[in-house]
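Read the figures in this text as sums done on the coordinates, not as results from a lab. Every value quoted in this text rests on a predicted model; they were computed, and no experiment measured them. Glycine gets a Cβ as well: all are built from the backbone with ideal geometry, and neighbour counts include every protein chain shown.
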Amino acid sequence: MKPRLESFIEISSAINSVLDLDRLLETIMDHAISAIGVERGILFLKTGSGTLSSYAARNIEKETLADAEGISRSIMSEVAASGKYFLSSNMLEDPKTASRPSVAAFKIRSVLCVPLVRKDRVIGTIYLDSRKASKVFSPEDVTFLQTFANLAAIAIENAKLYEASKQEADYWKEEASQPRFENIVFASKKMEDCLKQVRSVARSNVSVLITGETGTGKELIARAVHNSSDRNNKKFIPINCSALPEHILEAELFGSKKGAYTGATQDSKGLFEEADGGTIFLDEIADMQSGLQAKLLRVLQEGEIRRVGDTQYKTVDVRVVSATNKNIQDEITAGTFRQDLYYRLCGIELHLPALKERREDILPLSEHFAVAFCRQQSIPLKTLSPEAAERLRSYDYPGNVRELQNILRKAILLSDQTILPNDIDLPARSQSAPLAEDFDEASRQHIIRVLQKVDWNQSHAAEILGLNRTTLQAKMKKLKIKK
C-alpha cells in the first residue's frame, strides 16, 4: 500500500481531472479501495428526491449486491442522517450486527462508512468492508477516508455543476434551432394572417390562448411567440395538462415542500419557478381539473405561486401561453372550465386553421418534411412526382400537419428516388362507416404492398408499419397473406 501523502497527491490529480460524473464515481471508488487496502466498497449518493442510491460498487458480485446493500444501507442511512462516520472492528462479534444473516453469510469482519459532506450538507456516503482478519479498520483509516471523502465531495459537486451547465448549454442550443416566425413553413393567406396577428403581440406580456385541431402545430406557434419576444433569453417550458393526474400536475407546476407527501424528501421547484422570466406553455389547458384551475388563476392574477405543502408564496414573472383543441366556450357552458380563468388566459385568442383549410401549405410542408427526414436518415433526398403531389393535395388530413408528416415518412421509406402515388398510403375515409371486411381488405392490400417494397422482409415491413414482427405475422395469418 502506498504512503498516505503520495496517495492523496495521486488521488487529487486523478479525481480533479474527471468531469464526467459516472466516471468520476468509479474513479473515487477505485482510489478509496486501493488507498485503504480493502476488497469491497459501495458509493451512495442522494438522488433528486433525497433518497440514497448506490452509484458505484467494487468487487461485489451482481448476485450478492442486493445483500451487500442490505448490510450497508442501514449503516449508510445512519451515517447520512447523523453526518458522522460508522466504524465496526468486528461485525461478527458486535451484538448489533452479528445476528444479521448477511453478515454471517459474507463473513464481514470490519466496516467503515463515512459521509460525503459539502458545505455542511451530506450528499452521499462511502462504505467499505473487509472479510480478512488481517485487515481491521484503524483510527488512521478513519482520518484518511474522511479527508478523502471531503476531497471527493468537492469533485462530485464540481462534476454535477459541469453536467448542469452542459445541460443548460444543450437546452439553449436546442432552443436556438427552434423556429421563429420567419422560418415557419407556409404559403397560405390564412397562415400569413395568423402570423401577422401573433407578431403584433409577441413582444408584449399578454397571455395567448392558441386554439385549433390536434396536430395543427400549436406548440410550434407557442415556441415562435417565445423566441420572438423579449423573454427569449429565458426558458420556454412546455407541459401537457392532460397527461398527469391533478396532484402530480400541481406539484409539477408549483413545486413541493419537503414532507408535503410520501416521497417528498426535499424541497422541489416547480415549472413556474423554472420558467421565471420566460414562458410556460400549458397544452390541453381545457383538461385541467377545476381545483387546479383556481390555483392557476391566482398565479395569473397575483403573479404568485405556492408550493404544495408550503405556507409561503413566491413571486414569479412568467408569460403564460396555453392551447386547447376543445371549444372553450362549450366547456364554460358545461361548467368544466372557469370563465374567469378563460379571461385571464385569453389576452389574445389565436386560432390555427386545419390543414384542409389551407391546402396551399401542403406541398411546402411536404418538401420541408422530406428534406428534414432524408437528412435525419442520411439518405439521398427524395422528391414528389406531380401525381404524388396531387394525391397529397387532395386529402383532408383529419390529423393535420402531424398526419402529413407521418404519411411523408412512410412514403420516403417505401419509395425509390422519386415518390410515386402508390408510395403514399392515405387512409380510406367515407361518410358512411365501412364494413369490417372492407377494413380487412384495405389492411391486407396495404400490408402486401409494404412487404413487396421490402422484398418480403418481415422485420423491415413491421418497422414501416409500426408493428412488432410477431403482430405482423399474426395479421398476415389472419388476412391469409403469403408470398
**Asked** Which order do peptides 276-285, 357-366 fall in by mean Cβ count within 10 Å, highest first?
**Response** 276-285, 357-366
**Positive-end extreme of charge dipole, the range 181-353 - chosen from Ile221, Gly259, Ile328 (charges on Cβ)** = Ile221
**Asked** Where the only charges are on Cβ atoms (+1 Lys, Arg; -1 Asp, Glu), what is the dipole of the range 181-353 about its Cα centre, to the nearest 20 debye?
**Response** 380
**Request:** Using the structure shown, list the pairs from Lys235/Lys410; Lys356/Lys482; Lys190/Lys269; Lys166/Lys382; Lys189/Lys382; Lys218/Lys410 with a Cα-Cα distance above 30 Å, or answer none.
**Result:** Lys235/Lys410; Lys356/Lys482; Lys190/Lys269; Lys166/Lys382
**Prompt:** Could you state the number of Å between the C-alpha centres of the range 354-371 and the range 132-147?
**Reply:** 70
**Prompt:** In nanometres, what is the gap between the two model label sites at Ser34 and Asp22, each 7 Å from Cα along Cα-to-Cβ?
**Reply:** 2.2
**Item:** Potential lengthening between Asp330 and Cys374 on full extension [0.36 nm per residue; Cα-Cα distance subtracted]
**Value:** 11.6 nm
**Message:** Can you tell me which lysines have their Cα less than 23 Å from the Cα of Lys477? Leave out same-chain residues fewer than eight positions away.
**Reply:** Lys453
**Message:** What distance in nm separates the two pseudo spin-label positions at Glu10 and Glu357, each 7 Å out from Cα along the beta-carbon direction?
**Reply:** 7.3
